[in-house]
Amino acid sequence: MDMDKLRSKIKSFTLSPGENGRQGFSRVLIQLFGLLGHGKSSFINSCLYVWEDGDYKNWAESAASNEGCTMNRLAYPLTSHLTLVDNRGYAKLGSYESGEIFAQLDAGYHPDNDQADFFIHSVKTGVHPTEADEIKHLLHTAAKLTGIYPIVVLTYKTSGSLTDTIAAFRDMGAEKIFAFENYTLEDCDKTRGRHEEVLKFLSEVIEEAIFQIDHSRDPEREMKERKQFVLNYVHEREKKLQEDKVERHKVQEKAIKVTQLRKEEETMEKLRKREEMEMEEEVRRKQEEMERMNLVDQARREAEIRAQRASKDKKKKWYGRLFH
Ligand SMILES: Nc1nc2c(ncn2[C@@H]2O[C@H](COP(=O)(O)OP(=O)(O)O)[C@@H](O)[C@H]2O)c(=O)[nH]1
Ligand SMILES: [Mg+2]
């Protein structure tokens, strides 16, 4: 389909042919979730830029630093039936963040609320293996929650290994993967490839939305199930956080006890060593004392012998003189 046809398809997209046609849904929200700085706002800018086909503007306030990044959800209507939503970005992806995402997705669900939410996971090309598990969990849960298989938007198309990233997301079960080099303030020269890719993405969302809404059987029941799911998820997450806290506390206490025990052992060892040294000192002193006494004894005996000898000599001299 050429670009003009794609444009008119998006422009003429509507969901409510009758009172309860399309199950009462008339608007589609394209909700972007993902980590901070992964290009969600720039992607919205790219969509608006392509759609308006005028000058590039920083509508969604894309920012190079975290400070300027999107902190809450803001809606950007594209047509009266198609709205892009920039959600708060996350610094990391864990069960806490996933829980928030599910709660935000759920907040939009209501049969009286005429909108159908679309979960779009926006991620920089090049997924780190450690992130893969949490992303997989997020995609699967979002699919269960929305009844729509998440669409993955890869940004920074030319900066990472695109084939590997696409393969990784296919492994995670993502059906629709779009790769973009976003238009940014620094790089906004219109290219046919980028314009076409954005229009294809929007057209695909429309197709998917029509299919899903037509095939959802009982929106009232599904809504209840989703609400229940989010409640359970949040409850389980809180429980897990609490358990982790208790576990951390136990580990800390154990570490403190081990340190105390080690200190006590060290003190005992020092005491034992000191006693040993004192005993050795005592033995040494006693030996010296004995040696000293032996020497005194010896000297005394030698003096006696000398005295005896002297007295014998004296006697000899005396007898000698007497009998001469
Ligand atoms: N090279 C390149 N830069 C991008 C791309 N997408 C976003 N950026 C830049 O990355 C930074 C963060 O983008 P931003 O859209 O604010 O991310 P967000 O936090 O997910 O909304 C900005 O400086 C953008 O100009 C892309 O596809 N390619
Ligand atoms: Mg942003």
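The values are calculated or read from the model by the stated rules, or taken from the named source; none is laboratory data. Treat the numbers as computed from the prediction; the structure is a model and nothing was measured. In this analysis, Cβ positions are derived from the backbone assuming ideal geometry, glycine residues included, and neighbour counts consider all displayed protein chains.
Observations on the structure shown:
Yes or no, residue by residue, for (1) under 20 Å from Leu82 (Cα atoms); (2) within 16 Å of ligand 1 (Cβ to nearest atom); (3) surrounded by fewer than 16 Cβ atoms within 10 Å (Cβ to Cβ); (4) touching a residue at least 40 places away in the same chain (Cβ under 8 Å):
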position	(1), (2), (3), (4)
Asp189	no, yes, yes, no
Ser203	yes, no, no, yes
Ala209	yes, no, no, yes
Arg221	no, no, yes, no
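- When the test is whether a residue is over 60 Å from the mean Cα position of the chain (by Cα), part of a helix (DSSP H, G or I) and small (Gly, Ala, Ser), Ala307 passes it.
- When the range 164-183 is filtered for residues that are buried (at least 17 other Cβ atoms within 10 Å of the Cβ) and in a loop (DSSP other than H, G, I, E, B), the ones remaining, listed by number, are Met172, Ala174, Phe180, Glu181, Asn182, Tyr183.
- Near pairs, Cβ below 7 angstrom, 6+ apart or cross-chain, from the range 25-47 (within 16 Å of Cys188 (Cα to Cα)) to any residue that is more than 9 Å from ligand 2 (Cβ to nearest atom) and aliphatic (A, V, I, L, M): Phe43/Val153; Ile44/Leu84; Ser46/Val198; Cys47/Leu78; Cys47/Leu84; Cys47/Val198; Cys47/Leu202
- Test: residue in the range 225-237 that is under 24 Å from Thr79 (Cα atoms) and surrounded by 12 or more Cβ atoms within 10 Å (Cβ to Cβ): no
- Tallying residues that are more than 16 Å from Gly39 (Cβ to Cβ) and crowded, with 21+ Cβ neighbours inside 10 Å within the range 149-163 yields 1.
- In the range 59-83, the residues that are within 12 Å of ligand 2 (Cβ to nearest atom), modelled with pLDDT of 80 or more and not in a loop (DSSP other than H, G, I, E, B): Leu74, Tyr76
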